[in-house]
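Here is the structure we will look at, set down as structure tokens.
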Amino acid sequence: MGLLVSVKKAVKGFTLDVSWKIGNELAVLFGFSGSGKSLTLQVIAGLIKPDSGIITVNDSTYFDSARHIDTAPQQRSLGYVFQDLALFPHMTVRQNILFGAKGVPERETAERYREMIDAFYLNTLEKKRPSEISGGQKQRVAFARALMRRPDVLLLDEPFSALDTPLRIEMRAFLKDLRSTFQVPVVLVTHDATEAATLADSIVVYSDGTVIQSGTAADVFGSPTDERVNRLLAGQEHTLLALCAQFHR
């Protein structure tokens, strides 16, 4: 059970050629900007069609070039939080969250909405618009919307990159609590080594469209197998290993 990705995709002189799988865990796609991490999320979500390969989630095949399977994005049981959050500015918090309920049976929508409002501490904000709430509150709205359909996998594309350091730390802790509460596999894109060490159950290291190392955070940070991984860590190995020990006991 889990997510399997094995795809190739050529885009404007860049070739993505990756293969990895995860179970019920928080997996981090880690690497420099432009290495293909966000492109991978778009391919998983069905926003970009691979040239070849296979994508499966649990017992469902979302893409298989050999069998001519390409499930429409709206039919994939995925939650997606974009880097810019993509909240609708003209909608209230309530309307933004309910937008994520498309496809949910009407009788279940109200119950799930209440669950999200309570889980993400948004009770007093339901009538406000995104411009009227804080950065951390916007983050929680985006997560609530992404989880309204109770997806099989949650995809996160650097959702904390625009936050200042104290709020980033707060949101990392929030994400770990979310994982504990909803037990949904998470794929998080980041090029922040501290974020990876703090959050990752497993890490998939990207460089130039390929996977150059994968494993637990302690394995990757403690025993880099490629000089490009060393460049990503930039001498932070001891600090990162300490974070791994602290947050993954």
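Given the criteria modelled with pLDDT of 90 or more, at positive phi and either aliphatic (A, V, I, L, M) or out of contact with any His (no Cβ under 9 Å at 6 or more places or on another chain) (or both), does Asp208 qualify? Walk me through how you get there before you give the answer.
On the way: modelled with pLDDT of 90 or more: yes; at positive phi: yes; either aliphatic (A, V, I, L, M) or out of contact with any His (no Cβ under 9 Å at 6 or more places or on another chain) (or both): yes.
Yes: the conditions hold for Asp208.
Which numbered condition trips up Val141, out of (1) farther than 19 Å from Pro89 by Cα; (2) surrounded by 19 or more Cβ atoms within 10 Å (Cβ to Cβ)?
(1)
Select from region 7-27 the residues that are over 16 Å from Gly209 (Cα atoms) and either outside the structural domain of Gly215 (by TED's automatic domain parsing) or part of a loop (DSSP other than H, G, I, E, B) (or both) and list them in ascending order.
Gly23, Asn24, Glu25
Those residues that are among the hydrophobic types (A, V, I, L, M, F, W, C), surrounded by 11 or more Cβ atoms within 10 Å (Cβ to Cβ) and more than 21 Å from Arg145 (Cβ to Cβ), I need them from region 64-79; list them, please.
Start the filter on region 64-79 by keeping residues that are among the hydrophobic types (A, V, I, L, M, F, W, C), which leaves 66, 69, 72, 78.
Cutting the leftovers down to surrounded by 11 or more Cβ atoms within 10 Å (Cβ to Cβ) gives us 69, 78.
Within region 64-79, Ile69 is the sole residue that qualifies.
Yes/no matrix, rows are residues, columns are (1) out of contact with any strand residue (DSSP E or B) (no Cβ under 6 Å at 6 or more places or on another chain); (2) among the charged types (D, E, K, R); (3) within 27 Å of Ser38 (Cα to Cα); (4) outside the structural domain of Leu188 (by TED's automatic domain parsing):
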| residue | (1), (2), (3), (4) |
| --- | --- |
| Leu98 | yes, no, yes, yes |
| Lys102 | yes, yes, yes, yes |
| Arg107 | yes, yes, no, yes |
| Glu111 | yes, yes, no, yes |
| Ile117 | yes, no, no, yes |
| Glu126 | yes, yes, no, yes |
| Ser131 | yes, no, yes, yes |
| Ser134 | yes, no, yes, yes |
| Lys138 | yes, yes, yes, yes |
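Please list, ordered by residue number, the strands (runs of 3 or more DSSP E) wholly in region 171-249 having 3 or more residues that are crowded, with 20+ Cβ neighbours inside 10 Å and under 19 Å from the mean Cα position of the chain (by Cα).
Details: elements: 186-190, 202-207, 210-215.
Per the criteria, 186-190, 202-207.
The values are calculated or read from the model by the stated rules, or taken from the named source; none is laboratory data. Just so it is clear, the model here is predicted, and its values are computed rather than measured. Please note: Cβ atoms are built from the backbone with ideal geometry, for glycine as well, and neighbour counts cover all protein chains shown.
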